[in-house]
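Have a look at the structure below, then the notes.
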Amino acid sequence: MSDKFVFEVSATDGAARTGAIRMPRGTIRTPAFMPVGTAGTVKAMYTDQVRALGSDVILGNTYHLMLRPGAERVAKLGGLHEFARWPHPILTDSGGFQVMSLAALRKMSENGVTFQSHIDGSKHVLTPERSIEIQGLLDSDIQMQLDECVKLPCTDDIAEKAMHLSLRWAERCRVAFGEQPGKAMFGIVQGGAVERLRIESANELVNLDLKGYAIGGLAVGEPQDVMLAMIDIVNPHLPTTKPRYLMGVGTPDDIVESVRRGVDMFDCVMPTRAGRHGLAYTRFGRVNVRNARHAEDPRPLDEASSCEASSAYSRAYLHHLVRCNEILGMMLLTWNNLAYYQFLMAGLRAAIAAGRLEDFIAETKEGWARGEQG
RNA sequence: GGGGGAAUGUCCCGAGCGGCAAAGGGGGCGGACUGUAAAUCCGCUGCGUAAGCUUCGUAGGUUCGAGUCCUACUUCCCCCA
């Protein structure tokens with residue numbers, strides 16, 4: 001096969017692996033963290049900054065972009081890459097997450113989801129086919145199947161129905177997507193917190209022979225140990241030759257633990273949203289910059305960081321900006337957080353390549369536990 | 001000189017019109033955020049673990065009961081001279 005979408009594992013360490021996804025718009029080094037840019041922007045960041053931090057791919061969202069500015073309009077303007085000035089790979093979510101997050105504004109049916117726009121209340125039908133069509137109009141490089149994401153905890157019955165519906169939708173998405181060399185459509189494993197359902201979901205999806213597999217419906221209310229247990233259950237059923245993407249996760253600790261278990265891709269709102277809300281992630285753990293104790297602290301968040309936001313601005317100044325609700329405060333903390341996330345990912349990749357992942361993880365967690373630098 | 005108005009919870013603004021430990025804001029202190037309806041949301045903010053105690057410029061008074069009514073005083077503001 002001469003597909004231009006290729007996943008290569010270059011090294012493994014335990015269940016963890018490092019490698020690269022190569023595709024026409026660029027290479028994604030794995031394990032990868034993908035900053036979330038729901039509405040065509042990684043909030044509070046310039047694309048150049050996002051790129052410079054080592055991001056190889058960012059997310060976009062079908063639901064949000066179909067409402068505003070509209071998929072056809074984005075297509076007319078040259079696609080999402082051109083529109084948002086991000087020439088590198090883009091992964092788009094299908095709208096499946098909004099099935100959960102906008103539960104009050106949607107209706108499910110076998111055919112698809114009907115959303116009532118959170119913006120103006122208008123009705124929009126999202127079928128598996130339309131979701132793929134929209135993702136195609138956006139010119140997304142990695143497209144996600146439409147799925148039904150369910151909040152946990154839930155009954156086995158609800159988890160099972162959502163999982164089976166998601167499987168049927170996966171097939172329809174695969175047909176709609178067809179053959180697109182250089183691009184990919186990923187399936188999404190569902191099944192709540194039920195081992196049997198997770199395994200069935202994974203096996204059925206693998207039968208569809210997709211280019212990548214996501215684990216969805218996690219970090220949606222369950223404790224971390226449950227999430228990790230689900231990963232351990234699912235991964236052995238996924239082919240080692242395809243990328244595994246844990247959707248929507250997570251905290252640095254979640255990511256480290258998942259990489260250790262063989263996950264290759266992550267996306268999460270955490271670094272960007274938390275940054276806007278005054279929380280900084282650093283090598284020394286989390287720092288709530290709003291807290292009074294930083295008011296007169298001249299030290300930067302991390303003097304050794306190569307990111308200016310982390311090394312060149314005092315905590316006192318960041319504290320001031322956050323308190324004043326200044327835009328720059330959100331920009332700097334988002335920048336710092338994304339820098340830390342990408343620093344962490346680079347560290348994980350290097351550690352796996354060097355066969356010292358466990359040591360790296362121990363050192364990393366030691367830093368978090370130690371707290372403040374110095 | 002004459003007339004009118006205002007002082008509220010120990011940071012600020014401010015509701016309150018006889019049953020009030022006293023609405024709301026702001027500020028402050030802390031927390032949350034996981035495929036983004038999020039520059040959002042949630043606590044706490046007189047003392048005490050509690051029964052309870054002490055508060056509404058000051059001092060008296062009326063009343064079962066006063067932040068609310070009356071009197072005087074203090075300070076501030078406005079208008080007329």
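Run the accessible area of region A:137-244 with a 1.4 Å probe and give the carbon-and-sulfur part as a rounded percent.
Working: 2150 of 4020 Å².
Ligands and nucleic acids excluded, carbon and sulfur give 53 percent.
Tell me, what does the Kirkwood hydrodynamic radius of region A:22-164 come to in angstroms if you use every pair of distinct C-alpha atoms?
Details: mean 1/r = 0.0629 Å⁻¹.
The answer is 15.9 Å.
If you count Lys pairs in region A:142-300 whose Cα atoms are under 16 Å apart, skipping same-chain pairs closer than 8 places in sequence, the total is 4.
The slack between A:Thr12 and A:Ser122, meaning 0.36 nm per residue of separation minus the straight C-alpha distance, is 34.7 nm. Please check: in the Gaussian network model of chain A (C-alpha springs, under 10 Å), which one of A:Tyr317, A:Tyr213, A:Tyr63 has the largest mean-square fluctuation. Comparing A:Tyr317, A:Tyr213, A:Tyr63 in the GNM, the peak value goes to A:Tyr317.
Listed by chain and number, the lysines whose alpha-carbon sits under 20 Å from that of A:Lys123, ignoring those within fewer than 8 places in the same chain, are A:Lys107.
Taken as Cα centroids, region A:82-123 and region A:139-203 sit 15 Å apart, rounded to the nearest whole angstrom.
With a simple spin-label model that places each label point 7 Å from the Cα along the Cα-to-Cβ direction, the separation between A:Ala353 and A:Leu105 comes to 4.3 nm. The separation of region A:210-225 from region A:266-334, counted between C-alpha centres, amounts to 29 Å. State, as an integer percentage, the relative contact order of chain A based on alpha-carbon contacts under 8 Å between residues 6 or more apart. Taking the mean separation of contacting Cα pairs over the length of chain A, I get 17 percent. Legend: helices of chain A (whole DSSP H runs) are marked when their alpha-carbon atoms reach 24 angstrom or more along the helix axis and their mean Kyte-Doolittle hydropathy is at least -1.0; marked are A:156-177, A:327-353.
For n ≥ 4 DSSP H runs only, could you compute -39500 (n - 2.57) per run for chain A, divide by its residues and tell me the 222 nm figure to the nearest 500? Let's see the in-between values first.
Values: 15 runs with 156 residues, N = 374.
My calculation for chain A gives -12500 deg cm²/dmol from helical runs alone.
Rolling a 1.4 Å sphere over the protein heavy atoms, what is the accessible area per residue of region A:1-78, to the nearest Å²?
Working: 3530 Å² over 78 residues.
Roughly 45 Å² per residue, with all protein chains present.
The values are calculated or read from the model by the stated rules, or taken from the named source; none is laboratory data. Values in this document were obtained by computation on a predicted structure and should not be read as measured data. Every residue, glycine as well, gets a Cβ built from its backbone with ideal geometry; the counts of neighbours run over all protein chains shown. Areas reflect the complete protein model, heavy atoms only, side chains present, ligands, DNA and RNA absent. Shrake-Rupley method; radii C 1.70, N 1.55, O 1.52, S 1.80 Å.
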